[in-house]
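The values are calculated or read from the model by the stated rules, or taken from the named source; none is laboratory data. Because the structure is a prediction, the values reported are computed rather than measured. Remember, those area values only see protein heavy atoms, side chains included, never the ligands or the DNA or RNA. Shrake-Rupley method; radii C 1.70, N 1.55, O 1.52, S 1.80 Å.
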Amino acid sequence: MIKAAQEASAWHRKAVVSEDDKMLADMTAKGATVIKPDVPAFGRASKSVYDKAGEQFPKPVLEALLKDTDVIKAKYPVR
């Protein structure tokens, strides 16, 4: 069951990225201006949100959450 879920997850991720690419190309071809955000700058700008969360949630919980997000960011880097 876990293996099937992992395979489905990988397939879904590729399908979503592919579909996003197709839709962006279609919109651009039709004259739309597509602006891609500066993700690292957004992360720096939102640091205060994490600091505030640190006041409301136990430090180990927040650290575990951020560690998990680092794994996801490494697996799916910003394109």
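Could you work out what % of the accessible surface of the chain is carbon and sulfur, using a 1.4 angstrom probe and leaving DNA, RNA and ligands out of the count? Don't skip to the end; give the middle numbers.
Values: 4650 of 7210 Å².
Solvent-exposed carbon and sulfur of the chain make up 65 percent of the total.
Between region 36-66 and region 1-22, how many Å separate their Cα centres?
Centre-to-centre distance over Cα atoms comes out at 27 Å.
If you count only protein heavy atoms with a 1.4 Å probe, what accessible area per residue comes out for the chain, rounded to a whole Å²?
Here the per-residue accessible area is 91 Å².
Please state the equivalent ellipsoid semi-axes for region 23-79: what are the square roots of 5 times the Cα gyration tensor eigenvalues, largest first, in whole Å?
Semi-axes (√(5λ), whole Å): 33, 14, 8.
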